1. I need a count of the residues in region 223-241 that are aromatic (Phe, Trp, Tyr) and either crowded, with 24+ Cβ neighbours inside 10 Å or touching a Leu at 6+ places or on another chain (Cβ under 8 Å) (or both).
2. Restrict the check to region 303-320 and report whether at least one residue is in contact with a helix residue (DSSP H, G or I) (Cβ under 8 Å, 6 or more places away or on another chain), of a type in the set (S, T, N, Q) and either modelled with pLDDT of 95 or more or not in a helix (DSSP H, G or I) (or both).
3. Is it true that some residue in region 437-457 is part of a helix (DSSP H, G or I) and of a type in the set (S, T, N, Q)?
4. Of all residues in region 430-443, how many are under 13 Å from residue 476 (Cα atoms) and hydrophobic (A, V, I, L, M, F, W, C)?
5. On the given criteria, is residue 631 free of Cβ contacts under 8 Å to residues at least 60 places away in the same chain, under 22 Å from residue 362 (Cα atoms) and in contact with a Phe, Trp or Tyr (Cβ under 8 Å, 6 or more places away or on another chain)?
6. Run residue 244 past the list (1) part of a loop (DSSP other than H, G, I, E, B); (2) crowded, with 24+ Cβ neighbours inside 10 Å; (3) in contact (Cβ under 8 Å) with a residue 60 or more places away in the chain and report the number of the one that doesn't hold.
7. Output the residue which, of all residues in region 376-399 that are of a type outside the set (A, V, I, L, M, F, W, C) and in contact with a strand residue (DSSP E or B) (Cβ under 6 Å, 6 or more places away or on another chain), is surrounded by the fewest Cβ atoms within 10 Å (Cβ to Cβ).
8. Does residue 527 qualify as being in contact with a helix residue (DSSP H, G or I) (Cβ under 7 Å, 6 or more places away or on another chain) and under 25 Å from residue 610 (Cβ atoms)?
Amino acid sequence: MPILSRYISFRLPKKLKNLVVKNREDIFFRLTYFPFKGYNFKQTMNSTNSTLKIIGLLILSFFIFLGVLVLVFFLYLKVSLPSIAKLKNYQPKQTNLIVDYQDRVVGYLGEERRIYVPINKIPPHVIKAFLAAEDANFYKHRGIDFFSLMRAFVKNIISGKIVQGGSTITQQVAKSLLLSPERTLSRKIKEMFLAWQIEKHLTKDEILNIYLNHIYLGEGAYGVEAASLTYFGKHVWELSIPEAAVIAGLPPSPVRYSPLNNLTLALERRNYVLRRMAEVGFITEDQLNLYLKEPLLLNPKNVNIPAYAGYFIDVVKAELESILPKERLEQGGLRIKLTMNVDWQRVGYLNLINKLKQLYPKGNPPEISAVCLDNRDGGVRFLTGGKDYLNSTYNRAVLGKRQPGSAFKPFIWAQALETGVVSRDAVIPDEPITLPGANAGEDWSPGNYDGKYLGPVSLKQALAQSRNTVSVRLALMLGTDRLVDLVRKMEFKFPMPINLSIALGTYELTPLELTTAYTIFPTLGNKLKPRFIEAIYDQIYGGKLIYQSQQESKPVFSPQTMSIMNDFLQEVVRSGTGRCALALGLPVGAKTGTTQEYRDAWFMGFTADYTCGVWVGYDKGTTLGKGETGGKIACPLWVSLMQGIKHEAKPLPVYIPPADVLSNSTSEDTSGAN
């Protein structure tokens with residue numbers, strides 16, 4: 001009370017005379033905070049209220065502004081974000097599966113090696129392995145799993161490195177298919193927004209189907225089926241639980257965790273996924289302990305086009321573009337069945353390379369090309385356009401036009417027999433000959449390879465010994481018109497006019513063209529059209545047939561003439577320039593070829609089943625070396641190639657006249673005897 005008396009002992013101002021003091025505290029407050037003379041309490045209170053109103057308005061404006069920002073940002077996202085429409089009808093680009101004529105895998109062709117497999121073909125344990133590793137709450141959240149984000153954050157902090165991601169599978173789908181891979185805050189926000197939208201419009205299984213088929217899993221494999229084939233050589237529905245865990249562990253770092261790159265890291269990652277499967281209840285503890293002890297056994301499959309098939313596949317690519325639209329090929333998902341025999345393609349190529357090294361032990365081996373056709377239907381079973389596709393993709397088998405030399409002579413012999421210019425038993429002089437040259441005032445005097453002349457010689461022996469003068473004489477007897485007829489019916493694309501040098505093989509052909517021409521002999525007169533593609537199906541597994549190539553052949557010579565020629569060409573192997581082909585142990589008809597200055601060496605041979613041609617030479621046309629003939633170089637290579645496949649010993653075809661022709665012939669002979 002004494003203290004209070006001191007405060008109220010002074011005279012109050014008039015303006016405070018109406019001040020009502022309710023209690024000690026009140027008078028203390030009023031006199032303490034308003035002690036000065038002339039103070040306007042009401043005005044002060046009004047001023048305070050105004051300040052509060054201003055602050056309230058500022059706060060309200062802030063929230064309105066914030067709301068507008070959120071609305072603008074929402075509208076921006078709505079407009080700028082990509083549409084999720086394409087996810088509703090998910091049709092990813094796939095690879096094209098290439099198989100040989102017996103449906104054995106050759107490789108995959110396409111920008112992305114992906115093989116789409118619907119989710120109902122993916123076994124539950126594979127799905128669970130991915131869920132455990134990437135998003136265990138997938139079927140519970142709505143696109144964003146905040147609990148997983150926090151858990152991943154804590155685990156990464158504890159580990160001192162990123163060991164677990166926080167993105168849901170839905171977010172990964174959004175990032176992979178709809179957004180760029182940049183790591184920015186704005187991209188992350190977009191990813192979360194898109195994940196929310198995706199969850200609204202797609203079912204969980206639809207999202208999972210997209211994820212498991214689209215995700216990159218290392219070694220060029222996209223999706224679980226391609227990865228299963230890449231690492232284990234089996235389909236996804238054939239994977240065991242530990243194998244599934246290996247693949248499910250790849251998404252965070254496909255290169256780092258690839259078992260083909262680092263088996264130890266891949267094993268650690270597999271075991272992590274297995275433990276996660278146990279943590280979330282997908283497998284039991286007993287199963288976990290069992291699986292952790294299993295070794296990581298791989299069976300990697302080379303799903304890329306192998307180098308030994310590179311030249312063949314280049315031809316196939318060009319042919320595919322003429323069969324199907326470019327867009328359809330790029331979309332992929334096709335099964336393309338070739339005429340190739342993939343085992344022969346592999347073994348035959350290795351045989352050729354090994355034999356080439358034997359022939360040239362000091363290095364600098366020449367180039368080679370080889371083609372083999374099936375005599376039944378013209379299917380190309382083997383083709384190589386060089387010795388090393390990775391070093392040179394120039395396809396000499398298809399593009400490399402070279403003079404065939406003496407390998408062209410059988411067509412001269414056949415035309416002479418077919419047109420009746422000579423008979424089977426004809427004898428032609430093997431003697432020097434001089435003719436007017438191509439240039440006025442110059443003579444042309446073709447000689448034999450060995451510089452020797454045999455004198456009168458049978459057609460059979462003249463071909464077996466490859467006598468040049470006999471070939472020129474036959475061409476001279478045929479004349480220009482019959483030579484032009486030969487060129488046209490054989491469909492040789494030679495420049496006109498044709499001159500007598502054609503008898504010595506001076507007009508250029510590719511190995512494919514010459515080998516195809518030789519099919520007239522084992523088919524008794526029909527020139528086969530080479531085929532590289534057998535069929536195309538619209539799906540990798542199963543599917544409908546959308547293209548089927550047709551066997552085509554053109555009758556060129558009579559079977560009687562070809563039967564004679566088969567006998568002649570077998571003599572080339574029995575006693576002539578192609579004797580090295582006896583090593584094959586089969587009936588073979590063949591002809592060697594060597595060009596001027598030993599620039600090219602050829603061996604063209606056929607059995608009852610196959611017609612194969614081999615060319616050897618340098619791209620720049622430099623000499624192979626003196627004495628390096630078709631019989632010495634190309635023939636051993638041909639034999640090594642033919643040894644790359646099993647053969648059935650069959651005689652070469654012989655013309656047998658129909659029964660009625662034989663009957664008429666017998667009757668005529670009988671009546672003549674009478």
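1. Summing the residues that are aromatic (Phe, Trp, Tyr) and either crowded, with 24+ Cβ neighbours inside 10 Å or touching a Leu at 6+ places or on another chain (Cβ under 8 Å) (or both) in region 223-241 gives 2.
2. No, region 303-320 has no match at all.
3. Checked region 437-457: no residue is part of a helix (DSSP H, G or I) and of a type in the set (S, T, N, Q).
4. 2
5. Yes; evaluated as a whole, the condition is true for this residue.
6. Failed condition: (1).
7. 387
8. yes
The values are calculated or read from the model by the stated rules, or taken from the named source; none is laboratory data. Keep in mind it's a predicted model, so treat the numbers as computed, not measured. We place every Cβ from the backbone using ideal geometry, glycine too, and count neighbours over all the protein chains shown.
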